[in-house]
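For reference, the structure discussed in these notes is given below.
The values are calculated or read from the model by the stated rules, or taken from the named source; none is laboratory data. Since this is a predicted model, take the numbers as computed values, not measurements. Virtual Cβ from ideal backbone geometry, glycine too; neighbours counted across all protein chains shown. Accessible surface is based on the protein model in full, side chains and every heavy atom, while ligands, DNA and RNA are left aside. Shrake-Rupley method; radii C 1.70, N 1.55, O 1.52, S 1.80 Å.
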Amino acid sequence: DFSLDLDAFPLANPDDGSAFRLVDTKPTPRPKFGPKWRFNQHRPQLPQRRDEEVEARKREAEKEPAIFKSSVDIQPEWNMLEQIPFSTFTKLSFSVSDPEDLLLCGALEYYDRSFDRITPKNERRLERFKNRNFFKVTTTDDPVIRRLANEDKATVFATDTILATLMCAPRSVYSWDIVVQRVGNKLFFDKRDGSQLDLLSVHETSQEPLPEAKDDINSAYSLSVEAAYINQNFSQQVLVRDGNKVSFDEPNPFANEGDEVASVAYRYRRWKLDDDMYLVARCEVQSVVEVNNKNSFVTLNALNEFDPKYSGVDWRQKLETQRGAVLATELKNNANKLAKWTAQAILASADLMKLGYVTRVHPRDHFNHVILGVVGYKPRDFASQINLNTSNMWGIVKSIVDLCMKLNEGKYVLVKDPSKPQVRIYEVPADAFENDYVEEPLPEEEQVQPPSEDAEGVEANGTTTDDKEIEAQT
């Protein structure tokens, strides 16, 4: 089978040639899912300032309306079946009862409350965690989900990332896609290898256009890689790293023995969608905190400031005295990302979601960052604050599930239109998105399952490459 062994998604500094490098290699046979997420963490030089005339021309060009690309290349042989405007989604409503936990895996470290006291005056340098592995495994590559599907525990299978993308679809601007596989009476929602769902959008809902050149450190692509890198490091830094962990039913299902893994617990949860249809999703929490002698689940995410001139609010100046204004600006510029984080916290029944405010040491340095503050919210309270309605979230999921259950057996892809507020469903060939890896025949007892999609893997190997090679490989 195939896994990516890469410093995925280049965060390139054109001046010194260092980058996160995409490397396609065939891994050792085990494990099937074997993905690891790490970023190349060596310190580069700062990018050189551009000529003022070039900057002026670039500013003029940026005033032109941005043209976004589709997240996946639509092939001429694909058959478009449906086109659903977001206006349809916003009217939907569906109530689900509380989910049941089928299984908890992994181990969590405790949240370090000293981070609640950080202010811009006593900022803390964002550390780099080179050895901790992060896993971004798609639905059909998850051995626990495969097991639950074989046991007929549900009809529909997904991950919290995929569900949150659907639930918050009306807030999305950038294109995204989700692979849908109808196998027998079952439905699997997957992400493609190299999917944008593994990154985090920045300024997606802002009126201020970002630079279009992909190698610009403030382009949408570069910022999304930087945001993913910041989130990984932030989620591990704000823990009490004393070896004290809360362990669950089974160990992390994606780690090899001896691996140092990030603090994470996976809750495999089941929701009842109707009398004979259940949905199972893998949901993540990153930490625990003790409240009244009881452990409470916590999700950890970081908002990141890259240049105050884009948002108009300087966090170093305003975070302590005008936190509400800072959050309001983030809700305007990053409405989709904040909604998805909230949806994921609700799906996981986290008791608390912690939001970090992380900024660059210098606006032109996208490798070094500081934490200026951390704020905690109860997910459902925060959802009310940002007008995220859980009945609407589930209404969207239920309508997509109902639509897909009417499809014939086969493979489909749901694509957010890059320029319009709508999604399209395409019927695609059975081998679509699978040309990058070698398939392994499934054991007979697993034939009810869809063929395994690529697991997502990122692993730092400290290599360097030039920009042309990055472009060719991505």
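Quick one: Karplus J couplings for the stretch 353-362, per residue in order, coefficients 6.51, -1.76, 1.60, θ = phi - 60°, nearest Hz, x for Gly and Pro?
Once θ is set to phi - 60°, the couplings for the stretch 353-362 become 10, 9, 10, x, 10, 10, 10, 6, 4, 9 Hz.
Among the GluC sites (Glu not before Pro) in the stretch 137-241, which ones are in a DSSP loop with at most 10 other Cβ atoms within 10 Å of the Cβ? Mind listing them?
Sparse-neighbourhood loop GluC sites (Glu not before Pro): Glu151.
Calculate, in nm to one decimal, what Glu212 and Glu260 gain on full extension: separation in residues at 0.36 nm each, minus their alpha carbon distance.
Gain on stretching Glu212 to Glu260: 13.5 nm.
Quick check for the stretch 85-196: number of Lys pairs with alpha-carbon distance under 25 Å, counting only pairs 8 or more apart or on different chains?
The number of close lysine pairs in the stretch 85-196 is 5.
Mind listing which trypsin sites (Lys or Arg not before Pro) in the stretch 104-205 are in a DSSP loop and have 16 or fewer other Cβ atoms within 10 Å?
Sites meeting the loop and neighbour criteria: Lys130, Lys153.
Using the per-residue mean of other Cβ atoms lying within 10 Å as a proxy for protection, in what order, highest first, do the peptides 372-385, 90-103 fall?
372-385, 90-103
What distance in nm lies between label points placed 7 Å from Cα along the C-beta direction at Gln322 and Asn131?
4.5 nm
Placing unit charges on C-beta atoms (Lys and Arg positive, Asp and Glu negative, everything else neutral), compute the dipole magnitude of the stretch 67-428 about its Cα centre in debye, rounded to 20.
I would put it at about 780 debye.
Please list Ile84, Ile400 from largest to smallest accessible area, probe radius 1.4 Å, with all protein chains kept in place.
Greatest to least solvent exposure: Ile84, Ile400.
Leu102's amide H: which non-local residues (gap 5+, or another chain) put their own amide H closer than 5 Å, with H modeled 1.01 Å from N in plane and none for Pro or chain starts?
When sequence neighbours closer than 5 places are left aside, the close amide H contacts are Tyr268, Arg269, Arg270.
At Thr88 and Lys309, where each label point lies 7 Å from the Cα along Cα→Cβ, what is the point-to-point distance in nanometres?
Inter-label distance under the simple model: 4.4 nm.
Over all distinct Cα pairs, what is the inverse of the mean 1/r for the stretch 67-428, reported as the Kirkwood hydrodynamic radius in Å?
Evaluated over the stretch 67-428, this radius sits at 21.1 Å.
Please turn the phi angles of the stretch 372-377 into ³J(HN,Hα) values with the Karplus equation 6.51 cos²θ - 1.76 cosθ + 1.60 (θ = phi - 60°), one per residue in order, whole Hz, x for glycine and proline.
After applying 6.51 cos²θ - 1.76 cosθ + 1.60, I find 9, x, 9, 10, x, 9 Hz.
Could you work out the relative contact order of the stretch 67-428? I mean the mean sequence separation of Cα pairs under 8 Å and 6+ apart, divided by the number of residues, in percent.
That works out to 33 percent.
First compute the accessible area of the stretch 294-347 with a 1.4 Å probe, then give the percent of it belonging to carbon and sulfur atoms.
Summing carbon and sulfur atoms, their accessible area is 46 percent of the total for the stretch 294-347.
Determine how large the accessible area of Met277 is when every protein chain is in place; take a 1.4 Å probe and give Å² rounded to the nearest 10.
Spelled out: Met277, probe radius 1.4 Å, area about 10 Å².
Treat each spin label as a single point 7 Å out from the Cα along the C-beta direction, and report the Leu403 to Ser391 distance in nm.
Once both label points are built, they end up 2.2 nm from each other.
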